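Below is one structure, written out as structure tokens; the observations come after it.
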Amino acid sequence: IQYPLETDFQTFIKADDFFKVVSKVKADSLAFKLEDNQLKMKSDKMLNSFATIFDEEIVSRIATVQDSLADAKLKKLPAEFVEAVQLCSQVASRNESDQMLTCLYVSKNDVIATDNIRIAHYKLKTAMDDMMIKASELRSLVNIEPTKYAVTTSWIHFKNDAGCVFSIRRIKGNYPDMLKHTKFDGI
């Protein structure tokens with residue numbers, strides 16, 4: 001996840017530790033300062049320090065994702081995409097032995113998920129690029145309220161109106177044809 005934040009320093013900290021503290025802060029603003037390999041965070045009534053991490057491998061991975069996004073053309077997400085994801089991702093398998101079934105499959109106007117027992121199918125009003133995304137990742141994605149997306153060779157990027165970008169590794173493979181099981185006569 002990338003979020004635009006103007007600073008005069010660059011560092012890494014453990015996200016879980018940071019989130020635990022920030023989620024409890026009631027202040028309207030926070031001040032940050034990098035000092036002695038510590039990120040100092042100050043508000044009206046509190047001062048916290050976080051150990052910083054510098055790892056060339058992390059820097060390289062982030063640069064690769066950012067380069068992928070820089071070359072991508074963002075498209076508008078269908079208005080009902082979040083609803084489709086919320087409904088269908090519940091049906092995706094959690095059994096990692098069949099990676100395809102742990103994914104949500106988007107193909108043009110169809111959003112499909114299955115665990116080989118149940119099938120969820122949502123018909124979008126607007127077609128999208130074909131993609132398979134781990135359903136477990138989508139639960140966090142909907143929290144940023146994405147409005148745009150881009151599919152690249154290895155990544156699927158989602159962006160919201162505030163500039164937050166959520167990048168998910170693209171899964172490649174052949175999703176089983178589950179829609180053949182949904183064709184029937186009757187009401």
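The values are calculated or read from the model by the stated rules, or taken from the named source; none is laboratory data. Small disclaimer: the values here were computed from a predicted structure and weren't measured. Cβ: placed from backbone, ideal geometry, glycine included. Neighbour counts: every protein chain shown. Ligands, DNA and RNA are excluded from the accessible area calculation, which covers all protein heavy atoms including side chains. Shrake-Rupley method; radii C 1.70, N 1.55, O 1.52, S 1.80 Å.
Listed by position, the strands (runs of 3 or more DSSP E) enclosed by region 1-107 that each have at least 3 residues that are in contact (Cβ under 8 Å) with a residue 24 or more places away in the chain are 47-51.
Selection of region 5-28 for residues being more than 26 Å from the chain's Cα centre (by Cα) and open to solvent by less than 100 Å² (accessible area, probe 1.4 Å) yields only A27.
With respect to the conditions (1) open to solvent by 90 Å² or more (accessible area, probe 1.4 Å); (2) part of a loop (DSSP other than H, G, I, E, B); (3) without any contact (Cβ under 8 Å) to a residue 40 or more places away in the chain, K180 falls short on a single one, namely (2). Consider region 137-166 and keep the residues that are farther than 23 Å from E6 by Cα, open to solvent by 30 Å² or more (accessible area, probe 1.4 Å) and among the small types (G, A, S). The one that is modelled with the lowest pLDDT is S140.
A quick yes/no check of all residues on (1) touching a helix residue (DSSP H, G or I) at 6+ places or on another chain (Cβ under 6 Å); (2) of a type in the set (D, E, K, R); (3) loosely packed, with under 13 Cβ neighbours inside 10 Å:
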{"position": "L101", "(1), (2), (3)": "no, no, no"}
{"position": "Y105", "(1), (2), (3)": "no, no, no"}
{"position": "N109", "(1), (2), (3)": "no, no, no"}
{"position": "I112", "(1), (2), (3)": "no, no, no"}
{"position": "D129", "(1), (2), (3)": "no, yes, yes"}
{"position": "I133", "(1), (2), (3)": "no, no, no"}
{"position": "I168", "(1), (2), (3)": "yes, no, no"}
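Please state which of the following conditions L124 fails to meet, knowing it meets all the rest: (1) open to solvent by less than 40 Å² (accessible area, probe 1.4 Å); (2) in contact with a strand residue (DSSP E or B) (Cβ under 9 Å, 6 or more places away or on another chain); (3) of a type outside the set (F, W, Y); (4) not in a strand (DSSP E or B). L124 satisfies every listed condition except (4).
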